[in-house]
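*Asks:* Provided herewith is a single structure, encoded as structure tokens, for subsequent inquiry.
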Amino acid sequence: MQPQGLSLTYKILKSHLIKGNLTPGEEIAIKIDRTLTQDATGTMAYLQFEAIGVPHVQTDLSVSYIDHNTLQTGFENADDHKFLQTLASKYGILYSKAGNGICHQVNLERFGVPGKTLLGSDSHTPTAGGVGMIAIGAGGLDVAVAMGGGAFYMAAPKVVLVKLSGKLQDWVSAKDIILELLRRLTVKGGVGKIFEYGGEGVKSLSVPERAVITNMGAELGATTSIFPSDEKTLEFLKAENRTEDYAAISADDNAVYDEVIAIDLSSLEPMAAKPHMPDNVVKVKELKDIKVDQVAIGSCTNSSYADLMTVAAILKGKKVHPDVSLVISPGSKQVYEMIAKNGALAELISSGARILESTCGPCIGMGQAPRSGAVSLRTFNRNFEGRSGTKDASIYLISVQTAAASALTGYITDPRTLGKAPEIKMPEKFDIDDSMILQPSTEPENVEVYRGPNIKPLPIKEKLSESISGKVLLKVGDNITTDHIMPAGSKILPLRSNIPAISKYVFESVDPDFSERALKEKGGFIIAGENYGQGSSREHAALAPMYLGVKAVIAKSFARIHFANLVNFGILPLIFDNPADYDKINQDDLLEAQNIIRELNEKKPVKFINKTKKEEYIFKYNLTDRQINIIKEGGLLNETKNSKN
Ligand code: MIC
Ligand code: SF4
């Protein structure tokens, strides 16, 4: 009998496996070849890296990007940038300056290599799956550990084959493929899974198009997404002058998959995710009479050269509707410079577009908040309530084609109504200029790491005690995002290096009194529904609640990265044994667990008493021995230090 073939995913995981078996759900440890950080998660990650105490990064390559916190309304962000620059220089890390572009776009262009592993302190790290990397988003502490030479621990994923057939019709784009998947599978449909793309349809998609899909695979809750490395990959790497990085890799012909999903590309139409979730997807034509106030084009999802050339071709010689504000942020300096040189930028400006720098910008509420009650169309990947900076704005996620068409008409517009579709070719050569990527110092001993007043030491948690008690500080529903738990935006993001200051904003949009109450009650518990903590990798959504004294989150289920972050910072992620108990517990109820360490040691479910209601509940947990140990020690940093002593 012929042995079973391997998926591309399992081939790469196998070649990087350090511990464990590749059986879905089992904990494995893999070697990380490369890491990336961005400035909003990077300061914490590097403070943690310093605490680990190695003199030089242990990876093949680590890059520190500045792309999120670039709206410098006070000294904080610029101070943090200087910290990150000097630290990178000292520890052997490349530093991509503000203005060089969004981490995922620049990483794809300059550092994506088929077959390698990448760990990034940003949930959209899977973008690099577009060139055949296993690229995973994680909390900053996990990235710090990888930079220190440690393995990355994860649950071996189920592998889903997304079999693409046919070819996209005119005006339909890669964005519509991933929106269709979100429509079918929802924002929790990918938890515990890696999505591997295959089938004839793959051949028609360029690397930047593939990267749109792997980028937004994060919104499925997936561990990551990956495309095979083939002629299209070679074409892209050649154009980036990196032919030597090419290797053809794909799944075995007889590869086995846990699930197969078929998509006929030729049957797809322009799609849109309605407010306030990326899986709230309908056909654009169903939204046609909705008036638009703002159109924002950019983000790590849709800001490639081809994307902006498409927009320029649609807007050429025309004017943006008088009631629409159109903002465009090119994904990288490479893209920006190329559209400037070939005249496309002039077309965009002439049409009435407002051009921003190459950063995340409006995607994370760093400027361009829409007006009250506005309809804002965005080519981004997340439309969570309030993320734009305006709580009552309605954000729709769409393709660049739909964005440009709607900017012209002033209404949500199916781009197929515009006539002949523009044809945009991938350039044979991209303009290469890595001068904004700074090399580390050759004399690291002489580099002093700069620390501005914004950088405060990391709070450390005490060990878990046998008995824990406290009030239910907050009860929330399903699909709570990390944007609910720890909001971003131009006011709060500059406080990312200062946990006492940022913790004042925990759950601000859900319950503005949360932080004060948590401090007054000396901590307590959070009760949640399904998929708690979906969205970003920001460990501040665990670190700040930890600072406020949150001891456990009891939920129906958790999102992957946030679950790992809770463990890393010593907060117990517990799961209802009986989901009906969710309805019995209310805010302010007093909960107590009397034998938690004994129960964890015996791997038994934990018993909680509701002293207010005089009830008992059993909560489960899905923790390995390693994770239980981390929680008992009060977090991964404590555990690492104690295991060294
Ligand atoms: C996001 O898109 O939500 C972010 C901002 O890029 C986050 C990281 C962060 O919060 O700093 C992410 O996706 O992980
Ligand atoms: Fe930046 Fe938005 Fe991408 Fe996050 S999703 S990395 S904020 S562009």
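The values are calculated or read from the model by the stated rules, or taken from the named source; none is laboratory data. Bear in mind the structure is a predicted one, so any value in this text is a computation, not a measurement. Every residue, glycine among them, receives a Cβ derived from its backbone with ideal geometry; neighbour counts consider all protein chains shown.
*Asks:* Return the residue satisfying two criteria in turn: it lies in segment 111-128 and is in a helix (DSSP H, G or I) and within 12 Å of ligand 1 (Cβ to nearest atom), and of such residues it is surrounded by the most Cβ atoms within 10 Å (Cβ to Cβ).
*Replies:* Quick first cut of segment 111-128, residues in a helix (DSSP H, G or I) only: 111, 125-128.
Filter again for within 12 Å of ligand 1 (Cβ to nearest atom), leaving 125-127.
On the way: 125: 30, 126: 30, 127: 35.
Within segment 111-128, the match that is surrounded by the most Cβ atoms within 10 Å (Cβ to Cβ) is 127.
*Asks:* Output yes when any residue across segment 618-634 is hydrophobic (A, V, I, L, M, F, W, C), surrounded by fewer than 17 Cβ atoms within 10 Å (Cβ to Cβ) and closer than 25 Å to residue 188 by Cβ, and no when none is.
*Replies:* Quick first cut of segment 618-634, residues hydrophobic (A, V, I, L, M, F, W, C) only: 618-619, 623, 628, 630-631.
This time we only want the ones that are surrounded by fewer than 17 Cβ atoms within 10 Å (Cβ to Cβ), so: 618.
Adding the requirement that they be closer than 25 Å to residue 188 by Cβ leaves 618.
Yes, segment 618-634 contains at least one residue that is hydrophobic (A, V, I, L, M, F, W, C), surrounded by fewer than 17 Cβ atoms within 10 Å (Cβ to Cβ) and closer than 25 Å to residue 188 by Cβ.
*Asks:* Counting only residues that are within 17 Å of the chain's Cα centre (by Cα) and away from ligand 1 (no atom under 14 Å from the Cβ), which one in segment 129-138 is surrounded by the fewest Cβ atoms within 10 Å (Cβ to Cβ)? Give the steps one after another, and end with the answer.
*Replies:* Taking segment 129-138 and keeping what is within 17 Å of the chain's Cα centre (by Cα), we get 129-130, 133-138.
Restricting the remaining residues to those that are away from ligand 1 (no atom under 14 Å from the Cβ) gives 129-130, 133-134.
Working: 129: 31, 130: 31, 133: 30, 134: 28.
Looking at the filtered set, the residue picked out is 134.
*Asks:* Being under 23 Å from residue 639 (Cβ atoms) and β-branched (Val, Ile, Thr) is the filter here; which residues of segment 552-609 pass it?
*Replies:* 553, 554, 561, 567, 571, 575, 596, 597, 606
*Asks:* Given 422, 444, which one is surrounded by 15 or more Cβ atoms within 10 Å (Cβ to Cβ) and modelled with pLDDT of 95 or more? Quick ask: steps written out before the conclusion?
*Replies:* Numbers: 444 fails: surrounded by 15 or more Cβ atoms within 10 Å (Cβ to Cβ).
One residue alone meets the criteria, 422.
*Asks:* Give, as residue ranges, the strands (runs of 3 or more DSSP E) completely inside segment 562-624 that count at least 1 residues that are of a type in the set (Phe, Trp, Tyr).
*Replies:* Numbers: elements: 572-576, 590-593, 606-610, 615-620.
So the answer is 572-576, 606-610, 615-620.
*Asks:* Collect the residues in segment 160-184 that are surrounded by fewer than 21 Cβ atoms within 10 Å (Cβ to Cβ) and closer than 18 Å to residue 274 by Cα, keeping them in residue-number order. Quick ask: steps written out before the conclusion?
*Replies:* Keep residues of segment 160-184 that are surrounded by fewer than 21 Cβ atoms within 10 Å (Cβ to Cβ), which gives 163, 165-170, 180, 183-184.
Within segment 160-184, 180, 183, 184 qualify.
*Asks:* I would also like to ask the following. Pull out all pairs, ordered by first then second residue, where Cβ-Cβ is under 6 Å, the residues are six or more apart or on different chains, the first lies in segment 426-447 and is more than 30 Å from residue 205 (Cβ to Cβ), and the second is loosely packed, with under 13 Cβ neighbours inside 10 Å.
*Replies:* So the pair list comes out empty.
*Asks:* Limited to segment 459-472, what total is found for residues that are buried (at least 19 other Cβ atoms within 10 Å of the Cβ) and under 27 Å from the mean Cα position of the chain (by Cα)?
*Replies:* Qualifying residue count for the region: 1.
*Asks:* Could you tell me which of the residues 358, 351 is crowded, with 21+ Cβ neighbours inside 10 Å, polar (S, T, N, Q), more than 28 Å from residue 511 (Cβ to Cβ) and away from ligand 1 (no atom under 16 Å from the Cβ)? Step through it out loud before you land on a result.
*Replies:* On the way: 358 fails: away from ligand 1 (no atom under 16 Å from the Cβ).
After ruling out the rest, the residue left standing is 351.
*Asks:* Filter segment 42-69 for residues that are β-branched (Val, Ile, Thr) and under 18 Å from the mean Cα position of the chain (by Cα); which is farthest from residue 434 (Cα to Cα)? Steps first, please.
*Replies:* First, the residues of segment 42-69 that are β-branched (Val, Ile, Thr): 43, 52, 54, 57, 59, 63, 66.
Filter once more, so that each one left must be under 18 Å from the mean Cα position of the chain (by Cα): 43, 63, 66.
Details: 43: 23, 63: 13, 66: 15 Å.
Restricting to residues being β-branched (Val, Ile, Thr) and under 18 Å from the mean Cα position of the chain (by Cα), the top hit is 43.
*Asks:* Which of the following residues is touching a residue at least 12 places away in the same chain (Cβ under 8 Å) and buried (at least 23 other Cβ atoms within 10 Å of the Cβ): 28, 66, 52? Break it down into steps so the answer makes sense when it comes.
*Replies:* Values: 28 fails: buried (at least 23 other Cβ atoms within 10 Å of the Cβ); 52 fails: buried (at least 23 other Cβ atoms within 10 Å of the Cβ).
Exactly one of 28, 66, 52 is touching a residue at least 12 places away in the same chain (Cβ under 8 Å) and buried (at least 23 other Cβ atoms within 10 Å of the Cβ), namely 66.
*Asks:* Among the candidates 93, 66, single out the residue that is within 16 Å of ligand 1 (Cβ to nearest atom) and over 30 Å from residue 162 (Cβ atoms). Quick ask: steps written out before the conclusion?
*Replies:* Numbers: 93 fails: within 16 Å of ligand 1 (Cβ to nearest atom).
66 is the lone residue from the list that is within 16 Å of ligand 1 (Cβ to nearest atom) and over 30 Å from residue 162 (Cβ atoms).
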